[in-house]
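First comes the structure, then the notes that go with it.
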Amino acid sequence: MLKMLGCICILAASSGMAYSCMLGLYHKLHQTELLLDLLTAMEGELTFSRCPLPELLVHLAQHMEEPYDELLLQVSGRMEENQEADIPVLWKEACAQFRGQMSLPAEAYEVLLRMGEVFSYVSLESSLQLLRSARKKLDAAIQSQNEEFAGKRKLYCCLCYTAGLFSMIILL
């Protein structure tokens with residue numbers, strides 16, 4: 001009876017481990033999709049809103065999820081404190097500070113770092129062109145992550161259940 005209970009516990013643990021691994025993959029994909037949403041919202045705000053940059057970032061932050069809302073609010077606050085500062089440098093510093101909270105792949109993080117350059121251009125068209133280019137890169141990254149997600153999900157399930165099965169065999 002105790003061995004059966006142990007086998008059930010091992011099976012539950014291996015299922016939990018597979019689920020945990022899949023959640024990590026999903027979280028990474030979700031963060032990249034949120035970044036794409038931020039780019040789209042930023043493009044719309046730059047096109048149709050003519051408000052000052054700190055106010056634009058606060059407005060964007062109200063519609064975003066963590067950690068991007070905090071990032072936008074922090075950059076806005078730093079801009080209001082230091083009006084003479086170089087905006088791309090402020091953006092990169094804030095992104096570096098929030099790097100631990102973001103589970104972005106390398107190419108998506110590079111896109112995030114380049115978003116600060118959008119605010120340094122004098123021409124609206126050049127800023128929008130940079131955002132469009134960044135959206136294309138993120139679309140490609142999301143497609144790549146979706147393909148990897150399907151393969152890794154199967155791999156994680158197989159590995160976790162196989163490890164659980166071997167553990168149950170050793171227990172019996």
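The values are calculated or read from the model by the stated rules, or taken from the named source; none is laboratory data. Fair warning: this is a prediction, and the values are worked out from it, not measured in the lab. All Cβ positions, even for glycine, are placed from backbone atoms using ideal geometry, and neighbour counts span all protein chains on display. Calculation scope for accessible area: heavy atoms of the full protein, side chains included, ligands and nucleic acids excluded. Shrake-Rupley method; radii C 1.70, N 1.55, O 1.52, S 1.80 Å.
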task = Among the residues of region 46-66, write down those that are over 23 Å from the mean Cα position of the chain (by Cα) and among the β-branched types (Val, Ile, Thr).
result = Thr47
query = Taking region 118-128 on its own, how many of its residues are more than 14 Å from Leu72 (Cα to Cα), in a helix (DSSP H, G or I) and not aliphatic (A, V, I, L, M)?
reply = 4
task = Restrict the check to region 6-24 and report whether at least one residue is of a type outside the set (S, T, N, Q) and under 23 Å from Leu113 (Cα atoms).
result = yes
query = What are the pairs, 6+ residues apart or on separate chains, where a residue within region 160-172 that is over 11 Å from Ser14 (Cα atoms) has its Cβ under 9 Å from a residue that is open to solvent by 60 Å² or more (accessible area, probe 1.4 Å)?
reply = Leu171/Lys3; Leu172/Lys3
query = Looking at region 1-40, which of its residues are touching a residue at least 60 places away in the same chain (Cβ under 8 Å) and of a type in the set (Phe, Trp, Tyr)?
reply = Tyr26
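Run down Tyr109, Tyr156 and say which single residue is out of contact with any His (no Cβ under 9 Å at 6 or more places or on another chain), aromatic (Phe, Trp, Tyr) and closer than 19 Å to Leu34 by Cβ.
Of Tyr109, Tyr156, the one residue that is out of contact with any His (no Cβ under 9 Å at 6 or more places or on another chain), aromatic (Phe, Trp, Tyr) and closer than 19 Å to Leu34 by Cβ is Tyr109.
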task = Confirm whether Met115 is farther than 24 Å from Ala94 by Cα, among the aliphatic types (A, V, I, L, M), open to solvent by less than 50 Å² (accessible area, probe 1.4 Å) and in a helix (DSSP H, G or I).
result = no
key: Test: residue in region 147-170 that is farther than 30 Å from Met4 by Cβ, out of contact with any Leu (no Cβ under 6 Å at 6 or more places or on another chain), of a type in the set (Ser, Thr, Tyr) and in a helix (DSSP H, G or I)   = no
request  = Find all pairs meeting these conditions: Cβ atoms under 6 angstrom apart; at least six residues apart or on different chains; first residue within region 131-146 and free of Cβ contacts under 8 Å to residues at least 60 places away in the same chain and over 13 Å from Glu110 (Cβ atoms); second residue open to solvent by 40 Å² or more (accessible area, probe 1.4 Å) and among the acidic types (Asp, Glu).
outcome  = none
